[in-house]
Amino acid sequence: MWAFIVLSFKNGRYSRKDPQLLDLIPKDRERFAAKRAEEEEETRHHGFSEEKKLELSLGPPGGGDYWTITKTSHESLLSFPTYFSTNPCLKSPWQHQAFLHHLQSAAQLPPPAMKESPPQPCTTRAAAVELQSAEKKKAFSPAPANTAVPNSSSAQKRTAPAPVVGWPPIRSFRKNIATGSSSKLASESPNAAADKVSGPKPAEYSPRTLFVKINMDGIPIGRKVDLKAYNSYEKLACAVDELFRGLVAAQSEVCAGIKDDDGGKGKVIGGLLDGSGEYTLVYEDNEGDRMLVGDVPWQ
Amino acid sequence: MAYSFPEEVLEHVFSFLSSDRDRNAVSLVCKSWYEIERWCRRRVFIGNCYAVSPEIVIRRFPEVRALEMKGKPHFADFNLVPEGWGAYVHPWIRSMSAAYPLLEEIKLKRMVVTDESLELIARSFKNFKVLVLSSCEGFTTDGLASIAANCSGNAEGRLGGLASEVKVCSVFPAECSEVSFSALERLVARCPNLRTLRLNRAVPLEKLPNLLHQAFSVCKQLKGLSGFWDVVPAFLPAMYSVCSGITSLNLSYATIQSPDLVKLVSQCRSLQRLWVLDYIEDSGLETLAASCKDLQELRVFPSDPFGAEPNVALTEQGLVSVSEGCPKLQSVLYFCRQMSNAALVTIARNRPEMIRFRLCIIEPQAPDYLTLEPLDTGFGAIVENCKELRRLSMSGLLTDKVFEYIGNHAKKLEMLSIAFAGDSDLGLHHVLSGCESLRKLEIRDCPFGDKALLANAAKLETMRSLWMSSCSVSFGACKLLGQKMPRLNVEVIDERGPPDSRPESCPVEKLYVYRTVAGRRADMPGFVWMMDGDKALTFS
């Protein structure tokens with residue numbers, strides 16, 4: 001399953017927002033409105049109030065003016081002991097704090113800044129070449145080279161909640177060991193692992209549409225496409241080209257300050273799949289790894 | 001003293017000093033000792049490539065023959081460092097190609113190494129012998145080929161830790177010409193002194209038994225075996241003949257299971273180091289504990305880390321058994337799904353000489369499964385009993401209390417990894433103020449903010465580095481730290497855009513602080529901001 005697709009080139013920005021966290025904001029707005037008044041006073045002093053679920057203060061996190069910086073002591077930038085002798089340790093479970101953190105940072109996303117994108121060093125050619133040579137020359141990287149087809153059974157085995165990036169702390173090439181080899185084990189070893197393979201697979205679920213987000217490096221606005229509307233990678237690549245052509249043209253106009261010759265129609269964005277163009281299609285799988293589009297059969 | 005030894009004598013004496021710490025101590029005695037020592041230092045270890053510049057190293061040590069260097073922070077292994085962050089080796093190779101024509105050895109870890117760099121190495125160093133690339137990226141087989149083609153003699157290329165498609169991982173003391181399977185066979189047949197054989201995925205499975213037979217019949221001294229991506233039980237008997245000599249066994253990619261796995265392991269009576277998947281299960285570890293009394297290091301990796309339910313019968317009991325049965329056990333990395341304070345206390349009491357203890361309970365913040373309490377007591381017992389502990393990674397449900405224990409007891413602790421733990425800044429304060437030997441601290445997803453960090457700013461200059469991601473350190477605090485501590489590089493890694501487009505109290509995504517004598521680096525990507533004294537915020 002694909003989380004979202006990103007068009008990327010070297011040194012670009014990668015957005016790794018977890019869509020689930022952003023979805024929570026609208027649901028909780030009523031609760032937030034009702035509680036805000038009484039919580040505001042508390043949060044200003046303690047940062048995070050204890051034992052409140054999902055405390056939503058969409059302003060900046062916790063008050064900061066109860067500690068002072070002592071200018072005399074260079075080493076200790078803070079009169080630390082005083083703080084801790086008067087303030088009891090707050091017992092706020094991590095989850096709420098991290099949730100708060102994520103919600104706040106999500107709420108504070110800067111508006112699409114078309115005004116000033118500093119000119120990125122132009123390494124697109126290098127990146128495209130790199131990707132191309134990477135494919136042909138068998139590049140090395142810590143990312144998994146064993147793209148043993150992540151078959152559908154392994155994806156569906158995951159009944160656990162959405163995995164946290166980088167957890168558990170194992171290297172990428174250790175992630176698919178059991179799932180990658182389970183088919184071999186079943187056939188070759190009579191004392192089989194077949195019994196030991198983990199958990200029941202959830203029932204097949206096949207909706208009629210499958211919308212995924214596509215973001216392109218340097219373009220603040222993304223698009224969504226329905227993967228079920230295409231039947232091949234080539235069609236997807238064409239669609240991506242059409243969707244983003246205009247946006248790229250608009251962006252480069254603004255950045256370069258010159259008017260495009262063809263009146264804003266934009267250049268064709270080609271070579272998305274084979275690494276020959278300026279941009280390449282990659283996607284981010286549900287483990288958080290960036291993968292090149294095209295390895296897995298379209299189905 | 002009015003008279004001192006002639007320089008040559010001192011130099012000869014210093015030549016017996018191999019440890020960096022000893023050599024650094026010697027350099028501090030007096031100016032003449034500093035001068036003599038720096039001219040005869042042959043090996044340099046740089047734990048953080050950005051802590052110093054090539055020019056500074058070359059200026060001080062003009063006659064280096066071996067360089068070992070590390071780049072990215074450890075959490076880069078788990079995808080927490082965005083691509084393009086840095087750690088490029090090329091500027092170093094360029095400088096050294098001019099300054100160290102006699103360089104023989106380069107060992108790199110977590111660095112970006114391009115084919116261009118490899119080609120430059122191959123061209124520049126006539127006596128080049130050893131290249132070790134551990135968890136590096138950015139190169140292809142073309143680059144390696146140029147190394148192999150140009151470096152004759154005793155060249156050893158080892159590519160530990162990569163999931164790669166290279167044909168051969170180990171090159172033997174013979175020619176390192178073109179890599180092919182038949183060449184590998186011939187080389188193996190000619191190497192009675194073969195000590196380490198590392199194979200990888202690309203060695204065709206059907207040829208493996210013959211190769212192993214040859215290797216094992218000829219190579220009586222085989223000490224270490226690793227690789228085994230697809231070992232299937234049928235091949236194992238080929239190995240039994242050499243098991244008795246094996247001291248290091250890496251089966252961490254091998255999906256073989258009991259009873260074959262256990263039989264294999266139990267035959268390796270001299271085993272000192274075992275890396276294995278959790279297919280070994282508690283029963284297998286019990287057998288290991290009974291058979292392998294020389295075991296020093298055990299690593300058990302998860303076969304199905306993302307599964308919701310356990311797929312194997314591996315619990316805390318396996319580790320307890322090994323701690324009971326293996327008197328020399330000093331280094332542990334253990335992935336499991338349940339743990340108890342009682343087990344940790346038992347392990348701590350069994351093995352007070354433990355040096356590295358890394359425990360990963362797969363579910364974040366999992367409590368003691370028997371009592372549902374935090375695991376503070378258990379880890380507290382570890383640091384209290386294991387007075388030589390140098391490295392600790394914790395997991396499970398942990399409060400500020402465990403950090404109090406660590407700060408009070410872990411006086412030799414050099415590296416600490418924390419995730420999803422603690423309640424407040426007090427936890428971080430305990431660690432920074434109490435752990436005297438701390439060099440590397442890496443933290444993710446903990447409720448630590450500005451206070452402990454700023455109060456212990458001076459401590460950071462005594463450490464190699466600090467990593468904090470998904471914590472509560474504000475941009476304002478990072479700025480302040482950067483301004484006040486000129487000998488630290490305070491890097492804010494944030495992919496949401498410039499930090500000053502958000503309020504100062506907004507927490508940063510990731511923070512990486514390291515001491516340096518090289519000043520700010522010139523190769524920062526767009527998502528890294530350096531907190532400077534000059535300006536509050538600068539782009540690279």
- Enter the mean number of other protein chain beta carbons within 10 Å of the beta carbon of each residue in B:447-456, as an integer. 6
- Query: Residues of region B:48-77 with accessible area at least 40 Å² lower in the all-protein-chain context than alone (1.4 Å probe)?
  - Reply: B:Asp77
- Query: Given the protein chains as shown and a 1.4 Å probe, how many square angstrom of A:Lys235 are accessible, to the nearest 10?
  - Reply: 110
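In Å², nearest 100, what accessible area do chains A and B bury in total when the solvent probe is 1.4 Å? The partial results should precede the final answer.
Numbers: alone 21050 and 23960 Å², together 37580 Å².
The summed interface area works out to 7400 Å².
Could you tell me what % of all Cα pairs in region B:427-540 have separations over 22 Å? Walk me through the numbers before you get to the answer.
Numbers: 1524 of 6441 pairs.
Tail fraction, whole percent: 24.
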- Whole-number percent relative contact order across region B:415-525, with pairs defined as alpha carbons under 8 Å at least 6 apart: 25
- Task: Using only alpha carbon positions, build the gyration tensor of region B:1-140, then give the equivalent ellipsoid semi-axes as the square roots of 5 times its eigenvalues, largest first, whole angstrom.
- Result: 32, 17, 12
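When you look at the Cβ of every residue in B:502-508, what mean number of other chain Cβ atoms sits within 10 Å?
Numbers: counts 6, 5, 2, 7, 6, 9, 1.
Across B:502-508, the average partner-chain Cβ count within 10 Å equals 5.
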- Task: Tally the DSSP beta bridges in region B:413-540 and give the antiparallel ones as a percent, rounded to 5.
- Result: 65
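To the nearest whole number, what is the average tally of beta carbon atoms from other chains within 10 Å of the beta carbons of peptide B:419-426?
So the per-residue partner count for this stretch is 5.
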- Message: List the GluC sites (Glu not before Pro) within region B:53-113 that DSSP assigns to loop and that have no more than 15 neighbouring Cβ atoms inside 10 Å.
- Response: B:Glu63
- Quickly rank B:413-424, B:513-524 as a protection proxy: mean count of other C-beta atoms within 10 Å, highest first. B:413-424, B:513-524
- Note on the structure: Too long for a 20 Å Cα-Cα cut-off, among B:Lys440/B:Lys510; B:Lys109/B:Lys293; B:Lys263/B:Lys293; B:Lys451/B:Lys484; B:Lys107/B:Lys510, are B:Lys109/B:Lys293; B:Lys107/B:Lys510
- Task: Would you mind checking which residues have amide H under 5 Å from B:Met69's amide H? H placed 1.01 Å from N; only 5 or more apart, or other chain.
- Result: B:Ile46, B:Lys107, B:Leu108, B:Lys109
- For B:Tyr88, which sequence-distant residues (separation of 5 or more, or a different chain) have an amide H within less than 5 Å of its own amide H, given hydrogens modelled in the peptide plane? B:Val112
- Query: Considering only protein heavy atoms, what is the solvent-accessible area of B:Ile493 at a probe of 1.4 Å, reported in Å² to the nearest 10?
  - Reply: 0
- Starting at the first residue of region B:513-523, write each ³J(HN,Hα) from the Karplus equation 6.51 cos²θ - 1.76 cosθ + 1.60 with θ = phi - 60°, in whole Hz, x for Gly and Pro. 10, 8, 7, 7, 10, 9, x, 5, 8, 9, 10
- Accessible surface of B:His409 in the full protein assembly, 1.4 angstrom probe, to the nearest 10 Å²? 70
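Below 8 Å, C-alpha to C-alpha, sequence gap of six or more: please give me the relative contact order for region B:48-135 in percent.
Numbers: 126 pairs, mean separation 28.3, N = 88.
This gives 32 percent for region B:48-135.
Packing-wise, with mean Cβ within 10 Å as the measure, how do B:17-24, B:84-91, B:395-402 rank, highest first? Could the numbers behind the result be given before it?
Numbers: B:17-24: 12.6, B:84-91: 19.9, B:395-402: 23.9.
Highest-to-lowest ranking by the protection proxy: B:395-402, B:84-91, B:17-24.
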- Shape call for region B:316-448 from the C-alpha gyration tensor, a ≥ b ≥ c root eigenvalues: rounded (a/c under 1.5), prolate (a/b greater than b/c) or oblate? oblate
- Task: Only bridges with both residues in region B:1-115 count here: give the DSSP antiparallel percent, nearest 5.
- Result: 0
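The values are calculated or read from the model by the stated rules, or taken from the named source; none is laboratory data. A quick note: this is a predicted structure, and the numbers were derived from the prediction, not measured. Please note: Cβ atoms are built from the backbone with ideal geometry, for glycine as well, and neighbour counts cover all protein chains shown. Calculation scope for accessible area: heavy atoms of the full protein, side chains included, ligands and nucleic acids excluded. Shrake-Rupley method; radii C 1.70, N 1.55, O 1.52, S 1.80 Å.
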